[in-house]
Amino acid sequence: MKTKRVAAIDCGTNSVRLLIADISGDDLTDVERRMEIVRLGQDVDRTGRLAPEALERTFTAMRGYAKLIREHAPDGSVPVRVVATSATRDAANRADFVSGVRDIFGVEPEVVTGDEEARLSFTGATRGLARSGAEAETPYLVVDIGGGSTEFVVGSRSVEGALSVDIGCVRLTERHLRDDPPSAGTVEAAVADIEAAMDRVEESVPVRTARTLVGLAGSVTTVAGIALDLPAYDPARIHHSRIPAERVHEVSARLLRMTHDERAAIPVMHPGRVDVIGAGALILDRIVRRYGFPEVVVSEHDILDGIAWSLA
């Protein structure tokens, strides 16, 4: 069977990520998987615009990714897809982002809708789940907690309902959790935002039919690493781990009580997540509580893998 090499770039509110992969049939093999925290969505919730310094951080990371793609495709034959999500959707000056990406990669970035983002996340998270040997009853509720938005997707083999809502770890931190550590009042305000967003989700997505909660993205994988007491971030240990609801509650409460320096000292913590992990953990905690899941199945595969599969 012929192998096809592809390059996927996911540009979110907090990070920009690259996956160069070889796809053959139903197998996806990593060639390069990279992540840089660039905080593209810095102050977008307040200003409605992408900050010049945030754009430059993002473009610097992307130039490095373009170099890696060239190194892995000397004949220039690798198809590239660049997907941008919440922060770019919300920005009045997103044309500046589009032109910069076009200059770097030679392709037009796709500023996808929240629904398309949700569907790509579902594909990335679930395509390998059944084949992995992990016992996971369907339908799945796939939850992708990003920097600016969170995607809720229900489905088994295909998507049965999806919605993207504007709650994310960066957005909630900038909106509410600015104290160190956050006060009880600011946490309550963040919870109110999360609950209101989940009210909207339940109006259009059959979340109550789901039997397995699958959690994606950096907030979830970081919570998993803490819950597993890992001495360092280990994707192989985290991927398809099962974190009991009780541990999700414990880790979330602990993170919200900690100072910036205490969170920074956690072995699995990426420096770029230190100031926003409390909000990300809180979102996951409220989802587990509201829908009564006994555990969350954690996936290292997400929208980035979905983008790669779309190129196959």
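Determine the equivalent ellipsoid of the chain by diagonalising the alpha-carbon gyration tensor, then write out the semi-axes as square roots of 5 times the eigenvalues, largest first, rounded to whole Å. Spell out each step's value before the answer.
On the way: eigenvalues 158, 110, 69 Å².
With the √(5λ) rule applied to the chain, the semi-axes are 28, 23, 19 Å.
List the longest stretch of the chain that has no exposed loop site; here a site is one of the GluC sites (Glu not before Pro) assigned by DSSP to anything other than H, G, I, E or B, with at most 13 other Cβ within 10 Å. With GluC sites (Glu not before Pro) excluded where exposed in loops, the chain gives 138-312 as its longest stretch. The alpha carbon centroids of region 164-219 and region 252-301 are separated by 12 Å.
Backbone geometry of region 179-184 corresponds, through the Karplus equation with coefficients 6.51, -1.76 and 1.60 at θ = phi - 60°, to 3J(HN,Hα) couplings of 6, 10, x, x, 6, 4 Hz, x marking Gly and Pro.
Give me the percent of the accessible area of region 141-269 that comes from carbon and sulfur atoms, probe 1.4 Å, all protein chains in place. Ligands and nucleic acids excluded, carbon and sulfur reach 50 percent. Taking every protein chain into account, the accessible area of the chain amounts to 41 square angstrom per residue (probe 1.4 Å).
This model, with +1 at the C-beta of Lys and Arg and -1 at the C-beta of Asp and Glu, gives the chain a dipole about its Cα centre of some 400 debye.
Considering the convex hull of the alpha carbon atoms of region 15-114, report its projected area averaged over all viewing directions, in nm², one decimal.
Mean projected area of the Cα convex hull: 6.8 nm².
Between residue 312 and residue 203, the FRET efficiency from the beta-carbon distance, with R0 = 35 Å, is close to 0.55.
Using a/c under 1.5 as the rounded threshold, could you call region 45-181 rounded, prolate or oblate? The axes a ≥ b ≥ c are square roots of the C-alpha gyration tensor eigenvalues, and prolate needs a/b larger than b/c, oblate otherwise. Oblate. Projected onto its three principal axes, the C-alpha set of region 111-236 covers 44, 41, 29 Å, listed from the longest axis down.
Positive-end ranking of 165, 212, 191 along the dipole of the chain, with charges on Cβ about the Cα centre, is headed by 212. For region 147-156, backbone phi angles converted through the Karplus equation (6.51, -1.76, 1.60; θ = phi - 60°) give residue-by-residue couplings of x, x, 9, 10, 9, 10, 9, 10, x, 10 Hz, Gly and Pro being listed as x. What area, in nm² and to one decimal, does the C-alpha convex hull of region 171-312 cast on average over all directions? Over every viewing direction, the Cα hull of region 171-312 projects on average to 9.2 nm². Using θ = phi - 60° in the Karplus curve 6.51 cos²θ - 1.76 cosθ + 1.60, the 3J(HN,Hα) couplings for region 45-59 round to 4, 8, 9, x, 9, 7, 6, x, 5, 5, 4, 5, 4, 5, 5 Hz; x is entered for Gly and Pro.
The values are calculated or read from the model by the stated rules, or taken from the named source; none is laboratory data. Fair warning: this is a prediction, and the values are worked out from it, not measured in the lab. No Cβ is skipped: glycine too gets one built from the backbone with ideal geometry, and neighbour counts run over all protein chains shown. What goes into the accessible areas is simple: the full protein's heavy atoms, side chains included, and nothing from ligands, DNA or RNA. Shrake-Rupley method; radii C 1.70, N 1.55, O 1.52, S 1.80 Å.
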